[in-house]
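For reference, the structure discussed in these notes is given below.
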2 protein chains.
Amino acid sequence: MSLLVVGSVAFDGIESPYGKVERALGGAATYFAVAASYFTHVNLVGIVGDDFSKEDAQIFRGRRIDTEGLERTAGKTFFWAGRYSENLNERVTLTTDLNVFATFKPKLPDKYRDSKYVFLANIAPDLQRDVLHQVKKRPAIVALDTMNYWIERTNAELRETLKHVDILMINDSETRQLSSEHNLLRAAKHIFKMGPSTLVVKRGEYGAMLVDKRGVFCVPAFPLEEPHDPTGAGDSFAGGFMGYLAGVGQKSDVALRRAMVYGSVMGSFTVEKFGLDRLRHLKRNQIHARARHFAKLTQFKL
Amino acid sequence: MSLLVVGSVAFDGIESPYGKVERALGGAATYFAVAASYFTHVNLVGIVGDDFSKEDAQIFRGRRIDTEGLERTAGKTFFWAGRYSENLNERVTLTTDLNVFATFKPKLPDKYRDSKYVFLANIAPDLQRDVLHQVKKRPAIVALDTMNYWIERTNAELRETLKHVDILMINDSETRQLSSEHNLLRAAKHIFKMGPSTLVVKRGEYGAMLVDKRGVFCVPAFPLEEPHDPTGAGDSFAGGFMGYLAGVGQKSDVALRRAMVYGSVMGSFTVEKFGLDRLRHLKRNQIHARARHFAKLTQFKL
């Protein structure tokens, strides 16, 4: 089933204790699309400037990623730079140049308008809603990511958008901020009243947690001895999660649990190297082997 | 198989957003013994003052807990008081009156000296080692808890004691402090060189993680909507963990994984009410039902 993603395509400057890259391809939609393309066909909507070269666009070639919705316009591509702390558990943003992203108005090519699975990456809530209006039929699953900036500054817009969302995928602190509730189970109940029926909480080194009316499912983060760069891990998680669901065309409890595992698998690969260096070179058997490793990591017999 | 525990028996003053108790029975060895007694016979070594009444001692009655090793002496019982933050994720210590605990010299009654399973709760490392010297034969499993105080002030003593330990059970920050290593896999490798062959990291609301030469096993914390009081959760975890292992007399990978689950089960019950209020009134079928709930929380099919 076709999976639509709308979000940023960007260049990132990354500093971590393991090295430094001045300008690597990045952006939420890029990580998402590459991760999801191992599972399903992806329709990408985003914007880049005229500094986005043919070599840059290679990231999408030879994969099941349609880039008709990737707008090119005069100006520079979104640039973000950040520095990670020694333990990779904190980061400071050094630069955020929105550039052409500042005036981004997502436009869905006609052939994208019957997408059954939709992922609204972290952009302004009114733009996220505008994307949903361009999809012809109510999709099977709409998932959304957001951040503290939108929760604080465009809360009413975000609330309006959330009415049309099935799965909210955010981190712990965003969950707590949005719901004004520290306890994640109580937070989930608040969020269910806003629209979503499923909450996926991304917890970084502690893994991820899915809450819906059936209960809770937890998956740990894959233990890595040498994590290099957490940039894009959450978007890769989302790509693996939604890619798996769109690929199988299901939303049963069994499928959602598998999606959590494949999300965690893709996030863990991303962290292993800088930028997209690991994610772009995966083989399907590596993905499945790591999923089996997650089983070893968590399963027990009573 | 008999399980020996050495550690504090105390009174606790606890303040949390859910209420306040001025003087509740507590202490690491108390939580441990009560939790473990649901699985096996426990030999308790500790010290109390003459303010420890017959009513207080009721906590150990009607359970498989031998208190011949609980010394009574003139003076007051160890008293600790603390206050939890609104979200229960931070606490400040208000009072630490060691009282009779300050001069505690653990003495094992003769019948305890053939214990096969030993848990050295958080006390001075030289006392922990002295307990091991009193055990006749090398036990099947020696597990140890410690804290930042001993890691900082008696590091050489602790290192000496760790040479005789199989399982180290500490929290994230203690793991990082002891190993001078943030990454938990790398930390585990450092710790294996100190003696223990297994590291159990207690991560509070994020659950627990076991690392040994075979790999990693993760178990989440049980999601609770209304946690009341985290006091004793780690010691109850240790009690469930060691109680299970001693009960079955095994240390296979399968047994260690189950022990992690039963540890998490006992910790989760403790947090539900103040002090020992929940832990002391459990039924075996409630324990097993919660263990099955942990399976639901974590298991998936690929």
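The values are calculated or read from the model by the stated rules, or taken from the named source; none is laboratory data. None of the values given here were measured: they were computed from a predicted structure. Here the Cβ is made from the backbone with ideal geometry for all residues, glycine too, and neighbour counts use every protein chain on show. Please note that ligands, DNA and RNA were not included when accessible areas were found on the heavy atoms of the full protein model with its side chains. Shrake-Rupley method; radii C 1.70, N 1.55, O 1.52, S 1.80 Å.
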*Taking a probe of 1.4 Å and counting only protein heavy atoms, give the total accessible area buried between chains B and A in Å², rounded to the nearest 100.*
3600
_Which of B:Ala36, B:Ala143, B:Ala57 ends up with the largest GNM mean-square fluctuation for chain B, with Cα atoms connected below 10 Å?_
B:Ala57
*In whole Hz, what ³J(HN,Hα) sequence does the stretch B:139-155 give by Karplus (6.51, -1.76, 1.60; θ = phi - 60°), x for Gly and Pro?*
x, 5, 9, 10, 10, 9, 10, 8, 8, 3, 3, 6, 4, 7, 9, 10, 4
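Starting from the Cα gyration tensor of chain B, take the square roots of the eigenvalues, sort them a ≥ b ≥ c, and report rounded, prolate or oblate (rounded when a/c is under 1.5, otherwise prolate if a/b is larger than b/c, else oblate). Mind showing how you got there, number by number?
Values: a/c = 1.27, a/b = 1.09, b/c = 1.17.
Note, shape of chain B comes out rounded.
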*For the charge dipole of the protein assembly as shown, defined by +1 on Lys and Arg C-beta atoms and -1 on Asp and Glu C-beta atoms about the Cα centroid, which residue among B:Val211, A:Tyr206, B:Ser252 has the Cα displaced farthest towards the positive pole?*
B:Ser252
*For labels at A:Glu22 and B:Glu55 in the simple 7 Å Cα→Cβ model, what's the distance in nm?*
7.6
*Take every Cα-Cα distance within the stretch A:158-278, group them into 5 Å bins from 0 onward, and report for each bin the whole-number percent of pairs it holds.*
2, 12, 21, 22, 20, 14, 7, 2, 0
*Alpha carbon centroid spacing (whole Å) that separates the stretch A:1-28 from the stretch A:235-301*: 19
*Could you work out how far the C-alpha centroid of the stretch A:74-118 sits from that of the stretch B:105-171, in angstrom?*
53
*Rounded to the nearest whole Å², what accessible area per residue is found for chain B with the 1.4 Å probe?*
40
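In nm, what is the difference between 0.36 nm times the number of residues separating A:Lys193 and A:Asn89 and their Cα-Cα distance?
Working: separation 104, 0.36 × 104 = 37.44 nm, distance 3.18 nm.
Extra length available between A:Lys193 and A:Asn89 comes to 34.3 nm.
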*Once the piece of chain linking B:Glu272 and B:Lys111 is laid out straight, how much longer is it, given 0.36 nm per residue of separation minus the C-alpha distance between them?*
54.4 nm
*Rounding to the nearest 20 debye, state how big the charge dipole of the stretch B:156-293 is about its Cα centre with +1 on each Lys and Arg Cβ and -1 on each Asp and Glu Cβ.*
560
*asked:* Let me cross-check B:His293: its accessible surface, 1.4 Å probe, with only protein heavy atoms counted, in Å² to the nearest 10?
replied: 90
*Ignoring ligands and nucleic acids, what accessible area does B:Glu15 show with a 1.4 Å probe (Å², nearest 10)?*
50
*Leaving out ligands, DNA and RNA, what percent of the accessible area of the stretch A:103-185 is carbon and sulfur, probe 1.4 Å?*
48
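Report the relative contact order of the stretch A:1-158, percent, no decimals, based on alpha-carbon pairs under 8 angstrom and at least 6 residues apart. Walk me through the numbers on the way to the answer.
Values: 337 pairs, mean separation 38.9, N = 158.
It rounds to 25 percent for the stretch A:1-158.
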_Compute accessible area for the stretch B:272-302 by itself and then with all protein chains, 1.4 Å probe, and report residues whose area falls by 30 Å² or more._
B:Lys296, B:Leu297, B:Thr298, B:Gln299, B:Phe300, B:Lys301, B:Leu302
_Need one value: the accessible area of B:Arg23 in square angstrom, 1.4 angstrom probe, rounded to the nearest 10._
130
_Residues in the stretch A:251-272 reached by a label modelled at A:Arg63 [backbone nitrogen below 17 Å; 7 Å Cα→Cβ]_ = A:262-272
_In Hz, Karplus ³J(HN,Hα) per residue of the stretch A:191-204 (6.51, -1.76, 1.60; θ = phi - 60°; x = Gly, Pro)_ = 5, 4, 6, 7, x, x, 9, 9, 10, 10, 9, 8, 10, x
*Could you pull out every one of the lysines with an alpha carbon less than 28 Å from that of B:Lys296, ignoring same-chain neighbours closer than 8 positions?*
A:Lys189, A:Lys193, A:Lys202, A:Lys213, A:Lys251, A:Lys296, A:Lys301, B:Lys202, B:Lys213, B:Lys251, B:Lys273, B:Lys283
*Report the charge-dipole magnitude of chain B in Debye, nearest 20, computed about the Cα centre from +1 at each Lys and Arg Cβ and -1 at each Asp and Glu Cβ.*
1360
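Computed FRET efficiency, Cβ-Cβ of B:Lys137 and A:Leu224, R0 41 Å: what is it to the nearest 0.05? Spell out each step's value before the answer.
Working: r = 40 Å, r/R0 = 0.97.
Result of the calculation: an efficiency of 0.55.
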*Do you know the relative contact order of chain B, to the nearest whole percent, from alpha carbon pairs under 8 angstrom that are 6+ apart?*
18
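Expressed in nm to one decimal, what extension gain is obtained for the pair A:Gln299 and A:Ala74 from 0.36 nm per residue of sequence separation less their Cα-Cα distance? Spell out each step's value before the answer.
Values: separation 225, 0.36 × 225 = 81.00 nm, distance 5.22 nm.
Additional length available on full extension: 75.8 nm.
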*Per 10 Å bin from zero, what fraction in whole % of the C-alpha pairs of the stretch A:1-157 is there, up to the bin with the longest pair?*
11, 38, 36, 14, 1
*asked:* In the stretch B:182-217, what residues drop by 20 Å² or more of accessible area when the other protein chains are put back, versus the chain on its own? Use 1.4 Å, and skip ligands and nucleic acids.
replied: B:His182, B:Asn183, B:Leu185, B:Arg186, B:Lys189, B:Arg203, B:Glu205, B:Tyr206, B:Val216, B:Phe217
*asked:* Can you give me the distance in nm between label points at B:Ala289 and A:His288, each placed 7 Å from the Cα along the Cα-to-Cβ direction?
replied: 4.1
*What's the center-to-center distance, using Cα atoms, between the stretch B:36-68 and the stretch A:180-229 in Å?*
40
